[in-house]
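Only one structure is covered here, and it is reproduced in the block below.
The values are calculated or read from the model by the stated rules, or taken from the named source; none is laboratory data. Note that this is a predicted model, so its numbers are computed, not measured. When we count neighbours, we look across all protein chains shown, and the Cβ atoms used for this are built from the backbone with ideal geometry, even at glycine.
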Amino acid sequence: MRGKIQFFVLPAFLVLLVDQITKSIAVSELHPSEPIRLFWTLQLNIIRNPGASFSIGKNITPLIAAVAILASIVIGYLGLKETSLKLKSLYGVVLGGVLGNVMDRIFRKGDGFLSGEVVDFIDFQWWPIFNFADMALVTGLPLLLYFRYQDERNLPNG
(Lines give C-alpha, C1' and ligand atoms only; values in the text may rest on other atoms or scores of the structure.)
Protein backbone atom coordinates (compact mmCIF):
# COMPACT_ATOMS: atom_id res chain seq x y z
CA MET A 1 0.00 0.00 0.00
CA ARG A 2 2.74 2.46 0.97
CA GLY A 3 4.49 2.10 -2.41
CA LYS A 4 1.26 2.98 -4.20
CA ILE A 5 1.07 6.34 -2.41
CA GLN A 6 3.88 7.61 -4.63
CA PHE A 7 1.54 7.34 -7.62
CA PHE A 8 -0.61 9.99 -5.93
CA VAL A 9 1.95 12.13 -4.10
CA LEU A 10 4.57 12.38 -6.85
CA PRO A 11 2.26 13.83 -9.56
CA ALA A 12 0.76 16.25 -7.03
CA PHE A 13 4.20 17.36 -5.89
CA LEU A 14 5.57 17.74 -9.44
CA VAL A 15 2.58 19.80 -10.62
CA LEU A 16 2.78 22.01 -7.54
CA LEU A 17 6.55 22.44 -7.89
CA VAL A 18 6.49 23.32 -11.60
CA ASP A 19 3.52 25.64 -11.04
CA GLN A 20 5.16 27.57 -8.21
CA ILE A 21 8.54 27.80 -9.94
CA THR A 22 7.02 29.09 -13.19
CA LYS A 23 4.87 31.60 -11.27
CA SER A 24 7.88 32.84 -9.32
CA ILE A 25 9.81 33.34 -12.56
CA ALA A 26 6.83 35.10 -14.12
CA VAL A 27 6.48 37.45 -11.13
CA SER A 28 10.17 38.35 -11.15
CA GLU A 29 10.68 38.62 -14.92
CA LEU A 30 7.42 39.76 -16.51
CA HIS A 31 5.79 43.18 -16.48
CA PRO A 32 2.07 43.63 -17.24
CA SER A 33 2.68 46.30 -19.85
CA GLU A 34 5.43 44.37 -21.64
CA PRO A 35 4.32 40.89 -22.81
CA ILE A 36 6.98 38.63 -24.31
CA ARG A 37 5.96 37.26 -27.70
CA LEU A 38 7.03 33.67 -28.31
CA PHE A 39 5.40 32.28 -31.48
CA TRP A 40 2.08 32.29 -33.32
CA THR A 41 -0.29 33.94 -30.82
CA LEU A 42 1.49 32.63 -27.71
CA GLN A 43 2.99 35.20 -25.40
CA LEU A 44 3.94 35.51 -21.74
CA ASN A 45 1.79 38.20 -20.19
CA ILE A 46 1.42 38.41 -16.41
CA ILE A 47 -1.86 39.19 -14.70
CA ARG A 48 -3.10 38.62 -11.16
CA ASN A 49 -6.51 36.98 -11.01
CA PRO A 50 -8.54 37.61 -7.83
CA GLY A 51 -11.46 35.50 -9.07
CA ALA A 52 -12.03 31.97 -10.28
CA SER A 53 -11.69 30.75 -13.86
CA PHE A 54 -11.99 33.55 -16.42
CA SER A 55 -11.84 36.06 -13.51
CA ILE A 56 -15.40 35.19 -12.45
CA GLY A 57 -16.20 36.08 -8.83
CA LYS A 58 -13.62 38.79 -8.20
CA ASN A 59 -15.52 39.95 -5.12
CA ILE A 60 -15.67 36.54 -3.42
CA THR A 61 -11.99 35.57 -3.44
CA PRO A 62 -11.96 34.25 0.18
CA LEU A 63 -14.99 32.04 -0.57
CA ILE A 64 -13.32 30.71 -3.73
CA ALA A 65 -10.19 29.95 -1.70
CA ALA A 66 -12.18 28.19 1.05
CA VAL A 67 -14.00 26.03 -1.51
CA ALA A 68 -10.66 25.19 -3.16
CA ILE A 69 -9.18 24.15 0.20
CA LEU A 70 -12.21 21.95 0.89
CA ALA A 71 -11.91 20.48 -2.63
CA SER A 72 -8.23 19.70 -2.06
CA ILE A 73 -9.11 17.80 1.13
CA VAL A 74 -11.76 15.75 -0.71
CA ILE A 75 -9.43 15.12 -3.67
CA GLY A 76 -6.67 14.08 -1.26
CA TYR A 77 -8.98 11.64 0.51
CA LEU A 78 -10.27 10.13 -2.74
CA GLY A 79 -6.77 9.94 -4.22
CA LEU A 80 -5.35 8.11 -1.22
CA LYS A 81 -8.32 5.74 -1.14
CA GLU A 82 -8.17 4.97 -4.90
CA THR A 83 -6.81 1.54 -5.85
CA SER A 84 -6.24 2.09 -9.59
CA LEU A 85 -2.75 3.50 -10.13
CA LYS A 86 -3.90 5.41 -13.23
CA LEU A 87 -6.72 7.10 -11.33
CA LYS A 88 -4.49 7.65 -8.29
CA SER A 89 -2.02 9.50 -10.54
CA LEU A 90 -4.76 11.62 -12.07
CA TYR A 91 -6.05 12.51 -8.60
CA GLY A 92 -2.49 13.64 -7.87
CA VAL A 93 -2.37 15.84 -10.98
CA VAL A 94 -5.69 17.45 -10.06
CA LEU A 95 -4.62 17.94 -6.44
CA GLY A 96 -1.38 19.58 -7.56
CA GLY A 97 -3.35 21.97 -9.76
CA VAL A 98 -5.78 22.91 -7.00
CA LEU A 99 -2.98 23.38 -4.47
CA GLY A 100 -0.95 25.51 -6.90
CA ASN A 101 -3.73 28.08 -7.12
CA VAL A 102 -4.66 27.75 -3.41
CA MET A 103 -1.07 28.58 -2.47
CA ASP A 104 -1.37 31.80 -4.46
CA ARG A 105 -4.56 32.68 -2.59
CA ILE A 106 -2.81 32.07 0.75
CA PHE A 107 0.68 33.48 0.13
CA ARG A 108 0.50 36.04 -2.68
CA LYS A 109 -0.53 39.65 -2.12
CA GLY A 110 -4.11 40.31 -1.15
CA ASP A 111 -6.35 42.28 1.19
CA GLY A 112 -6.68 39.76 4.00
CA PHE A 113 -6.87 36.07 4.73
CA LEU A 114 -7.31 33.90 1.62
CA SER A 115 -7.62 36.96 -0.61
CA GLY A 116 -4.40 36.56 -2.59
CA GLU A 117 -4.47 36.70 -6.35
CA VAL A 118 -3.56 33.81 -8.64
CA VAL A 119 -0.66 34.54 -10.99
CA ASP A 120 -1.52 33.80 -14.64
CA PHE A 121 0.95 34.34 -17.46
CA ILE A 122 0.42 31.97 -20.42
CA ASP A 123 -1.47 33.99 -23.01
CA PHE A 124 -2.66 32.79 -26.40
CA GLN A 125 -4.52 36.11 -26.83
CA TRP A 126 -7.68 34.26 -27.93
CA TRP A 127 -8.14 32.35 -24.66
CA PRO A 128 -8.11 33.57 -21.05
CA ILE A 129 -4.60 33.86 -19.57
CA PHE A 130 -3.70 30.82 -17.46
CA ASN A 131 -0.88 29.04 -15.57
CA PHE A 132 0.56 25.54 -15.15
CA ALA A 133 -1.87 24.64 -12.33
CA ASP A 134 -4.76 25.52 -14.64
CA MET A 135 -3.30 23.25 -17.35
CA ALA A 136 -3.12 20.39 -14.83
CA LEU A 137 -6.75 20.95 -13.86
CA VAL A 138 -8.04 21.33 -17.42
CA THR A 139 -6.32 18.13 -18.56
CA GLY A 140 -6.33 16.07 -15.35
CA LEU A 141 -9.95 16.51 -14.28
CA PRO A 142 -11.61 15.47 -17.59
CA LEU A 143 -9.23 12.49 -17.87
CA LEU A 144 -9.99 11.50 -14.27
CA LEU A 145 -13.74 11.70 -14.87
CA TYR A 146 -13.48 9.78 -18.16
CA PHE A 147 -11.40 6.93 -16.73
CA ARG A 148 -13.55 6.71 -13.59
CA TYR A 149 -16.61 6.45 -15.84
CA GLN A 150 -14.88 3.73 -17.89
CA ASP A 151 -13.97 1.78 -14.75
CA GLU A 152 -17.51 2.03 -13.37
CA ARG A 153 -18.97 0.92 -16.73
CA ASN A 154 -16.81 -2.19 -16.60
CA LEU A 155 -18.00 -3.27 -13.15
CA PRO A 156 -20.10 -6.48 -13.14
CA ASN A 157 -23.32 -4.64 -12.14
CA GLY A 158 -22.39 -1.36 -13.92
**Request:** Check Ile73, Ile69 and return the single one that is assigned to a helix (DSSP H, G or I) and under 26 Å from Ile46 (Cα atoms).
**Result:** Ile69
**Asked** Can you find even one residue in segment 61-73 that is touching a residue at least 40 places away in the same chain (Cβ under 8 Å), among the polar types (S, T, N, Q) and surrounded by fewer than 21 Cβ atoms within 10 Å (Cβ to Cβ)?
**Response** no
**Request:** Examine segment 112-131 for a residue that is closer than 17 Å to Gln20 by Cα, part of a helix (DSSP H, G or I) and touching a residue at least 24 places away in the same chain (Cβ under 8 Å), and state whether such a residue exists.
**Result:** no
**Request:** Could you look through segment 1-46, keep only residues that are at pLDDT below 90 and of a type outside the set (Ser, Thr, Tyr), and pick out the one that is farthest from Glu82 (Cα to Cα)?
**Result:** Pro32
